[in-house]
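Written out below as structure tokens is the structure these notes cover.
A short reminder: the numbers here are calculations on the coordinates, not readings from a lab. Everything numeric here is computed off the predicted structure, so don't read it as measured data. Backbone-built Cβ (ideal geometry, glycine too); neighbour counts: all protein chains shown.
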Amino acid sequence: MKVSVKVPATSANLGPGFDTMGMAFPLYNTVTIEETVMPGSGVLIELVSDFDYRDKALLEHVPVDENSIIYKAVELLYNSIGQTPAELKITVDSKIPMTRGLGSSSSVIVGALIAANELLGRPADEAALLSIAAEIEGHPDNVAPAILGGVLMASIQEDASVVYKKLPWPEEWKVTACVPDFELSTEIARSVLPKEVPMKDAIFNAQRTAMFVDAIHTKDSALMKLALQDKLHQPYRMNLMPGLDKIMEQLKYEENVLGCVVSGAGSTILLITENNGAEKAKAIVKNIWHDLNVKVDMYDFPIDINGAQIIS
Ligand code: HSE
């Protein structure tokens, strides 16, 4: 038996919602798991992609042994029903840029979990899959939209279950992902965060997260513009992303630009615009990065509303 699952790219945090908010985009990694007939062959993991040379080189450094998050995901699921994985061939067709804050690791965790679950006759329901995926990642803001699609807030409860609510993102608000040619590993981007933050910064984000949710429900662009700010992670990551401070400063005053936020742990920058704001905003990002010798790919993304799908 062979199962293939395609899983969307995701952007986490969305400004004030550190480790809480996320959205899914129509750019997919596909994970295929096949039962092999060779006894004792163990779990083989293969990564393929048609990326440019930079990401191809990155791919070579992704673990494909028992240290792989793909292996971990499959193992956790098998263990949950008292089994251990064996005689499996797992292939990942990788289309989501890696180490750019677009949820490529979440997508393979989610794809491996759903494919293995299907192979095992679906022992885990959606809630269990969400909980295992969030446990592996340590936060739910990429894995939840990767599984469910859309824009949502998610939270890990004390019993490890994930509570989520989908949010009705207004069609009028355009999202552009500006993906630079420099990498930023989540591990490094999390290592620069402090263990504790000033109370006033916590309050700042709590207020803006509340604004964010209401602005989406009421399609209030002015409120969204106030909401798309953060003091919990972006300021600490500023030094890891050349030009980010200048880009944010310039976009603050642009008409029809609701915000500019770091996608997940970076290095991608997400622009949220309305009317004809996207082109001007993209030009600003391009120019600032060009001056710093940073090449950038820009994607105007609609929201993926379906999340992970079993395709065969
Ligand atoms: N919320 C996470 C972070 C997303 O910003 O570190 C990246 O995995």
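Tabulated values for the structure
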| quantity | calculated |
| --- | --- |
| Gaussian network model of the chain, Cα within-10 Å springs - most flexible of 155, 131, 68 | 68 |
| Expected 222 nm ellipticity per residue - DSSP helices of 4 or more, -39500 (n - 2.57), all of the chain, to 500 | -11000 deg cm²/dmol |
| Too-long pairs where the Cα-Cα distance tops 25 Å, listed order kept, from 165/219; 231/295; 246/280; 195/286; 95/252; 252/286 | 231/295; 195/286; 95/252 |
| Burial order of peptide ranges 30-39, 198-207, 176-185 (average beta-carbon count within 10 Å, highest first) | 176-185, 30-39, 198-207 |
| Taking all pairs of distinct alpha-carbon atoms in the chain, Kirkwood radius in angstrom | 19.8 |
| Whole-Å distance, taken between Cα centres, linking the range 172-235 and the range 2-25 | 15 |
| Cβ-based charge dipole, the chain, positive-most Cα from 14, 243, 168 | 243 |
| Cα-based helix-to-principal-axis angle, 277-291 vs the chain, degrees rounded to 10 | 80 |
| Relative contact order (%) - criterion: Cα under 8 Å, at least six apart; region: the chain | 26 |
| Degrees, to the nearest 10: 199-218 long Cα axis against longest axis of the chain | 80 |
| Choice from 94, 41, 107 with maximal GNM fluctuation in the chain (Cα, 10 Å cutoff) | 41 |
| Assigned charges on the beta-carbon of Lys, Arg, Asp, Glu; the chain dipole about Cα centre (debye) | 620 |
| Of 162, 48, 262, the one that fluctuates the most in a GNM where the chain has Cα springs shorter than 10 Å | 48 |
